[in-house]
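Working notes for the structure below.
The values are calculated or read from the model by the stated rules, or taken from the named source; none is laboratory data. Note that the coordinates shown come from a computational prediction; the quantities given were computed from them, not determined experimentally. Here the Cβ positions follow ideal geometry from the backbone for every residue, glycine too, while neighbour counts run over all protein chains shown.
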Amino acid sequence: MKKLFVILSLLLISLQQCQEIPEYPDEPFINYESFYLYVTVNSLDQETLTGKLNFSFTDGDGNVGFDPIPDTLAFGLPDSQRYNLFLQLYDYQDHNYVKIPEGDGGYLKYIIPYLDKQPLSGTVSVTIEYPIIRYDTIFYTFFIYDRDFNKSNTDTTEIRILSGIELNN
């Protein structure tokens, strides 16, 4: 009888632990996981350098992600209301890392699709194509917004060296 009581007690405790819902702050939190480069072939049969950024995130109130807004409705809206994932490219120039301007492809904006689950945690993968290698030694900083316009922390990728990568185009 004591064995049965101990077994039932352990079973109840383990069931309670399985049902525990983690608690996260309402502001999103991101955590860099990896950034790697590889060569792919595009639809025009040309080699393209491709980067893949992976990061995890949590959000306590689960309001990460936007529905895509048609361009006609998005006109005039600030970027924080049109996009929710932002990447800033840096390149090593003259012994310093320099922020690459948006006009030169240095500021990238993406939409994480609408997600709605409390609390929310997951992983995001972003693919970045470099049809022309313009920079030598790079890294990105990045952050996200949720639908309440709470900004996450900013995280940073590892440095990647692009020199020596040849594309056959």
inquiry  = Just to be sure before I move on: is Ser121 among the polar types (S, T, N, Q), farther than 22 Å from Ser163 by Cβ and outside any strand (DSSP E or B) in the structure I sent?
reply    = no
task = Would you mention how many residues in the range 86-113 are within 30 Å of Ile21 (Cα to Cα) and modelled with pLDDT of 95 or more?
result = 1
task = Return the only residue of Asp45, Asp67, Asp116, Asp61 being more than 26 Å from Thr157 (Cβ to Cβ), surrounded by 18 or more Cβ atoms within 10 Å (Cβ to Cβ) and at pLDDT below 95.
result = Asp61
ask   = Is it the case that the range 127-135 has a residue that's at pLDDT 95 or above, among the hydroxyl-bearing types (Ser, Thr, Tyr) and surrounded by 15 or more Cβ atoms within 10 Å (Cβ to Cβ)?
value = no
ask   = Restricting the first residue to the range 153-169 and requiring it to be part of a strand (DSSP E or B), which pairs with a second residue that is acidic (Asp, Glu) meet a Cβ separation below 8 Å and a spacing of at least six or different chains?
value = Ile161/Asp136
query = Is it the case that the range 128-141 has a residue that's within 15 Å of Gly106 (Cα to Cα) and among the acidic types (Asp, Glu)?
reply = yes
request  = Look through the range 94-113, keep the residues that are free of Cβ contacts under 8 Å to residues at least 12 places away in the same chain and not acidic (Asp, Glu), and return whichever of them is surrounded by the fewest Cβ atoms within 10 Å (Cβ to Cβ).
outcome  = His95
request  = Only residues that are of a type in the set (Asp, Glu) and within 18 Å of Thr50 (Cα to Cα): list them for the range 100-127, please.
outcome  = Asp104
Residue selected from the range 149-169 under the condition of a type in the set (D, E, K, R) and either surrounded by 13 or more Cβ atoms within 10 Å (Cβ to Cβ) or within 11 Å of Leu49 (Cβ to Cβ) (or both), by the criterion modelled with the lowest pLDDT = Glu166
